[in-house]
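First the structure, in the form of structure tokens, and then the observations on it.
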Amino acid sequence: MLKRVVCILLVCLCVPALASDYVTHQYASGDFVVADGTAKQTATIWVDSTANPGIRMAAESLQQDILRVTGLKPQLTSNKDDLSGHVIIVGERGQAALVDKLISSNQFTVQPKARQWEGYQLDTIASPLPGVEQAWVISGNDRRGVIFGIYDLSEKIGVSPWYWWADVPVITHDKLYIKADTHISDAPKVKYRGIFLNDEAPALTGMVHEQFGGYNAKFYKHVFELLLRLKSNFLWPAMWNNAFADDDPQNMYLANAMGIVMSTSHHEPMMRADKEWNRYGSGPWEYSTNPDKLYDFWVEGAKRYKDKDGIFTLGMRGQADTPMSEGENIGLLEKIVHDQREILADVMDKPLSEVPQVWALYKEVQGFYERGMRVPDDVTLLWSDDNAGNIRRLPTEAERGRSGGAGVYYHFDYVGGPRSYRWINTVPLGKVWEQMNLAWEYGADKIWITNVGDLKPMELPISFFLAQAWDPEAFNAQSAKRFTREWAASQFNGQFTNDIAELLTVYTLQNGRRKPEALSPETYSVLNYNEADRISETLAEAADKANSIYERIDSDYQDAFFQLVAHPVWATQAMFELNRAQALNALYAEQDRASTSAKAATVNAWFERDAELTKMYHSIKGGKWNRMMSQPHIGYVYWNNPPANIPPVVQTKALAQPAVADMGVSVEGSRAYWPATGGLLLPEFTLYGEATRNFTVYNRQGKAFKWSATASQPWIVLEKNSGELLTDTPVAVSIDWSQLEVGHHEGTINVKGTGWGGANIKVTAHKPELTAMPVSGDFIEADGYVAMNSSEAKVKSTPNGSWHKVAVHGRTGEAMSAALPPYSSLKPQQAPALEFPVFLTSTGEFPLTLQLSPSLPFDEATGIKVAVTLDGEHVATLALPSQKDKQAWAQGVMDNVKELSTTLPVTKAGRHRLAVKALTPGAVLQRVIIDTGNLKPSYIGPPQRRAP
């Protein structure tokens, strides 16, 4: 519970640091001079001649960064005789004599945090040496601590970690000063923090081969530098048709020199890539029949990383990331791990307990653990999510005592069922926070690694994930929103910050509702609740705003803005609109509209728009990013991607020649149309429901005609009652409630144009008899349902816990996460509640649906459970499905919600108090829906209505 309390108190300290944190551009007395353009002088950078190569390379980067920012190149030296004026002193404590001398002479005191793993300390010191007026000392507990301290300064002076990977311009200044008496210390809380380059063909692989000639050290230098600038230390390299240490042996030497801890992915044991067995292995990849050859193969992996910084993956899966062909043979896998550790004990020159090792409990491998297989305590257990961002398992209380600890393997990209997603960022940051915060609270803090696919276009979630890994306690439920804003400010030098943050949030939330690869014309309703139209309007506004900013932002920032903001916004819109247009094309064809062909053209136009956006991406920086974003994403029909983007099937309609006029009429919420059906029915009007309903008069052929409409009752109000049309004309219908008595009412609208008799549309309205009136804020029954967004409920905390409002999460942009101590299992009367004031106009036994995030019951002992009460009376206890329910899992992954249902007994109309109570950690409630008799099919569900 303490971690959660700390997380709440620290509102959000860990966001991308802006240059104003300790760097200033206006001199004040006592400030340290990094560079002064007027005086044409810079501080000298001193690095010990025996410094670790990674420290020296980072110091050289700092030298270049100062040059990038100011146009002045500082001297980099290891000679103390060169030092005068202002000096940046860089060194690892215990390895840099000058730094140690400053400490021993009490020039500065090493803070506790800086004594930790990868801890660093930044200090200004006056007159530290003869002839030196002032020093800025970057010291570290180890080499990476020093490196992180160096890159912290680089970012503060205006060099984004994404300066190469997203072409973010360097912020230039003539003068750089460090504020007087600055003293900072910091260290990471998660030990190993990294990314996995995966599913990298065709996009990243195409770019890498074109730009670098392959996955060689020239390419990986950019990856390593990015990671270090993001204060990350860990990498699983690209492996689809690649072998990190074999493709270019310099890869592993460069990684070790720069300070990157290398490993191999969850199915590549002992520092040998999967593809290396294809190249050098002999016999089958089966330990039951070929142990000697595999043993020798793994010995070579241990030998080549004997003197390098790495984590050895233990265990074994089948080749090409498949289950073992020997099946669930626990004894065999135990033998494999035993032999792998035997190899490490023989090869390494240190105790086995000091050799970093990990067992990745991915997919079916977790089953070995659940059935009783164990590995020695010094091996880290790497738990995995379900490949869609939902963690499957976290440490039990007993497991938290293991010396090897635990970690999490997370996904921003995946190839596999129920649907691959590899093309674009689909990760709402709030969900990342919520799931990884659980990992932190449950003690999975040794390794955090995430599958980032091609790396681009995951810049934003990578930044967030690694920042949270650095200091999970500095993040809370609202941090995703604040982080997005601060990240936008950092990348674009404060230009259009709020608008850019909004655009980033809009597109990630939309893709979080349903991944683009899983979209179909049927996903969002074009019939009910204006669902598709409402999303279309939101995305159109975002697209227009992105276009406006793109045209107005400083020209140097246009390339970065296109990559980080405009392209994902426009591409998200294109995918949605393509599917919406396809749905309307099918509907119009079914209703025999002349506009069917026009809608087909719209489908094709969005398909071309998608291709155009990819070409624009490839043209950036003279083709620097050619082949990126080339992952096929249109035309999925099962889990795997099509071979290319497949043009959608559309329908067209041939028109008579010479042209004739032929009227059709359709109504909102129905696929039926006149004259194919004799009568039409508008959805019922209710007192608190939709103010207007629509019918559409359209042409089934190509010649214009005149139409007219008359209502049978004076309380039926038509927006317009006549006109001339060539294609489609919607007409809004509303009700004058002042003319209605209590009860049910019926009337008709007759629409005349061509054809005999015209179309008759039935109109119904219900004005209930009310003995009480709703109170401001009540969720009101309307149109046969009550819908409630969880983020608008009232939180009722108890001594046992509360609920957190999580920003940038869920279908509405905010969700409520159960905030309970780990391993809690509460009774309803003990549990914190979300209370919804509900005003019902009808009675009965109504279906109640809770829409929750598709979280998995990661603690088998407690599951994920909530209770429902009405007016204080217990209605039901509901639990998210077991992980063994594969159908529920697949549906939840596709929909990004899981629905739990019960029956709500309502014996009287009026005001009620509905509550959802958190009985265990892990529940994330998005929406609550009560079907009072007329709930219509839709993806998100109907809009909520609240009393003003």
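Within 19 Å of residue 685 (Cβ to Cβ), assigned by TED's automatic domain parsing to the domain that holds residue 703, without any contact (Cβ under 8 Å) to a residue 24 or more places away in the chain and not in a strand (DSSP E or B) - does that describe any residue in the stretch 738-755? For the stretch 738-755, residues within 19 Å of residue 685 (Cβ to Cβ), assigned by TED's automatic domain parsing to the domain that holds residue 703, without any contact (Cβ under 8 Å) to a residue 24 or more places away in the chain and not in a strand (DSSP E or B): present. Contact map, the stretch 543-565: residues that are farther than 14 Å from residue 164 by Cα paired with residues that are hydroxyl-bearing (Ser, Thr, Tyr), Cβ distance under 7 Å, separation 6+ or inter-chain. Pairs shown: 558/550; 562/550. Among the numbered conditions (1) in a helix (DSSP H, G or I); (2) within 29 Å of residue 190 (Cα to Cα), the only one that residue 292 does not meet is (2).
Here residue 87 fulfils each of the conditions (1) over 41 Å from the mean Cα position of the chain (by Cα); (2) in a helix (DSSP H, G or I); (3) surrounded by 21 or more Cβ atoms within 10 Å (Cβ to Cβ) apart from (2). Any residue that is surrounded by fewer than 19 Cβ atoms within 10 Å (Cβ to Cβ), at pLDDT 95 or above and in contact with a helix residue (DSSP H, G or I) (Cβ under 6 Å, 6 or more places away or on another chain) - is there at least one of those in the stretch 573-590? Within the stretch 573-590, one or more residues are surrounded by fewer than 19 Cβ atoms within 10 Å (Cβ to Cβ), at pLDDT 95 or above and in contact with a helix residue (DSSP H, G or I) (Cβ under 6 Å, 6 or more places away or on another chain). The single condition from (1) in a loop (DSSP other than H, G, I, E, B); (2) out of contact with any helix residue (DSSP H, G or I) (no Cβ under 9 Å at 6 or more places or on another chain); (3) over 21 Å from residue 821 (Cβ atoms) that residue 366 fails is (1).
Table: residues versus (1) farther than 26 Å from residue 471 by Cα; (2) of a type in the set (S, T, N, Q); (3) without any contact (Cβ under 8 Å) to a residue 40 or more places away in the chain.
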residue: 210; (1), (2), (3): yes, no, no
residue: 217; (1), (2), (3): yes, no, yes
residue: 222; (1), (2), (3): no, no, no
residue: 231; (1), (2), (3): no, no, no
residue: 246; (1), (2), (3): yes, no, yes
residue: 258; (1), (2), (3): no, no, no
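In the set (1) free of Cβ contacts under 8 Å to residues at least 40 places away in the same chain; (2) within 22 Å of residue 888 (Cβ to Cβ); (3) not assigned by TED's automatic domain parsing to the domain that holds residue 315, residue 418 fails one condition alone, (1). If the condition is being under 17 Å from residue 147 (Cβ atoms) and in contact with a strand residue (DSSP E or B) (Cβ under 8 Å, 6 or more places away or on another chain), then the stretch 105-122 contributes 113, 114, 118, 119, 120, 121, 122. Taking the numbered list (1) assigned to a loop (DSSP other than H, G, I, E, B); (2) in contact with a Pro (Cβ under 9 Å, 6 or more places away or on another chain); (3) of a type outside the set (S, T, N, Q) in turn, residue 27 passes all entries but (2).
Condition check: crowded, with 21+ Cβ neighbours inside 10 Å and touching a helix residue (DSSP H, G or I) at 6+ places or on another chain (Cβ under 7 Å). Does residue 809 satisfy that?
Numbers: crowded, with 21+ Cβ neighbours inside 10 Å: yes; touching a helix residue (DSSP H, G or I) at 6+ places or on another chain (Cβ under 7 Å): yes.
Considered against the rule, which asks whether it is crowded, with 21+ Cβ neighbours inside 10 Å and touching a helix residue (DSSP H, G or I) at 6+ places or on another chain (Cβ under 7 Å), residue 809 comes out as yes.
Taking each residue of the stretch 710-723 that is assigned by TED's automatic domain parsing to the domain that holds residue 686 and looking for partners that are hydroxyl-bearing (Ser, Thr, Tyr) with beta-carbon atoms closer than 7 Å, six or more apart or interchain, yields 712/748; 717/734; 721/708; 721/710; 722/708; 723/729.
One line per residue, one yes/no per condition, for (1) of a type in the set (A, V, I, L, M, F, W, C); (2) buried (at least 22 other Cβ atoms within 10 Å of the Cβ); (3) in contact with a Cys (Cβ under 9 Å, 6 or more places away or on another chain):
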site	(1), (2), (3)
241	no, no, no
248	no, no, no
258	yes, yes, no
264	no, yes, no
272	no, yes, no
278	no, no, no
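Once the stretch 895-936 is narrowed to residues that are among the hydroxyl-bearing types (Ser, Thr, Tyr) and in a strand (DSSP E or B), the residue that is farthest from the chain's Cα centre (by Cα) is 903. One residue stands out in the stretch 615-657 among those that are touching a residue at least 24 places away in the same chain (Cβ under 8 Å) and in a helix (DSSP H, G or I): the one that is nearest to residue 728 (Cα to Cα), namely 616. Assessment of the stretch 401-414 against the conditions (basic (Lys, Arg) and buried (at least 19 other Cβ atoms within 10 Å of the Cβ)) yields at least one matching residue. Suppose the filter is touching a residue at least 24 places away in the same chain (Cβ under 8 Å), surrounded by 13 or more Cβ atoms within 10 Å (Cβ to Cβ), among the small types (Gly, Ala, Ser) and within 24 Å of residue 458 (Cβ to Cβ); does residue 666 pass it? No; evaluated as a whole, the condition is false for this residue.
Inside the stretch 739-796, residues that are in contact with a helix residue (DSSP H, G or I) (Cβ under 9 Å, 6 or more places away or on another chain), more than 28 Å from residue 923 (Cβ to Cβ) and of a type in the set (Gly, Ala, Ser) make up a count of 1.
A search for C-beta distances below 6 Å between a residue of the stretch 586-597 that is in contact (Cβ under 8 Å) with a residue 60 or more places away in the chain and closer than 20 Å to residue 523 by Cα and any residue that is among the basic types (Lys, Arg) and not in a helix (DSSP H, G or I), counting only pairs 6+ apart in sequence or on different chains, returns 590/671. Only residues that are of a type in the set (Phe, Trp, Tyr) and part of a loop (DSSP other than H, G, I, E, B) were counted across the stretch 853-892, and they come to 1. Return only the number of the condition from (1) within 40 Å of the chain's Cα centre (by Cα); (2) assigned to a strand (DSSP E or B) that residue 697 does not satisfy. Residue 697 satisfies all of (1) within 40 Å of the chain's Cα centre (by Cα); (2) assigned to a strand (DSSP E or B) except (1).
On the stretch given as the stretch 18-56, residues that are free of Cβ contacts under 8 Å to residues at least 12 places away in the same chain and surrounded by fewer than 16 Cβ atoms within 10 Å (Cβ to Cβ) total 2. Can you give me the ranges of the strands (runs of 3 or more DSSP E) entirely in the stretch 112-216 with at least 1 residues that are over 29 Å from the mean Cα position of the chain (by Cα) and within 29 Å of residue 91 (Cβ to Cβ)? Because the criterion is at least 1 residues that are over 29 Å from the mean Cα position of the chain (by Cα) and within 29 Å of residue 91 (Cβ to Cβ), the strands (runs of 3 or more DSSP E) in the stretch 112-216 that meet it are 120-126, 132-140, 175-178, 183-186.
Any residue that is farther than 23 Å from residue 793 by Cα, without any contact (Cβ under 8 Å) to a residue 40 or more places away in the chain and either surrounded by 19 or more Cβ atoms within 10 Å (Cβ to Cβ) or not basic (Lys, Arg) (or both) - is there at least one of those in the stretch 873-883? Break it down into steps so the answer makes sense when it comes.
Going residue by residue through the stretch 873-883, those that are farther than 23 Å from residue 793 by Cα are 881-883.
Add one more test, that the residue is without any contact (Cβ under 8 Å) to a residue 40 or more places away in the chain, and what stays is 881-882.
Then drop every residue that is not either surrounded by 19 or more Cβ atoms within 10 Å (Cβ to Cβ) or not basic (Lys, Arg) (or both), which leaves 881-882.
Looking for residues that are farther than 23 Å from residue 793 by Cα, without any contact (Cβ under 8 Å) to a residue 40 or more places away in the chain and either surrounded by 19 or more Cβ atoms within 10 Å (Cβ to Cβ) or not basic (Lys, Arg) (or both), one finds at least one in the stretch 873-883, hence yes.
Of all residues in the stretch 346-392, those satisfying the criterion of being at pLDDT 95 or above, among the hydrophobic types (A, V, I, L, M, F, W, C) and surrounded by 20 or more Cβ atoms within 10 Å (Cβ to Cβ) are 355, 358, 359, 360, 361, 375, 379, 381, 382, 383, 388, 391. Within the stretch 730-768, the residues that satisfy the criterion of being surrounded by fewer than 15 Cβ atoms within 10 Å (Cβ to Cβ) and small (Gly, Ala, Ser) are 732, 738, 743, 757.
Is it fair to say residue 786 is within 34 Å of the chain's Cα centre (by Cα), crowded, with 22+ Cβ neighbours inside 10 Å and β-branched (Val, Ile, Thr)?
Numbers: within 34 Å of the chain's Cα centre (by Cα): yes; crowded, with 22+ Cβ neighbours inside 10 Å: yes; β-branched (Val, Ile, Thr): yes.
In short, yes.
The values are calculated or read from the model by the stated rules, or taken from the named source; none is laboratory data. The structure displayed is predicted, hence computed values, not measured ones. FYI the Cβ positions are ideal-geometry reconstructions off the backbone, even for glycines, and counts take in every protein chain you see.
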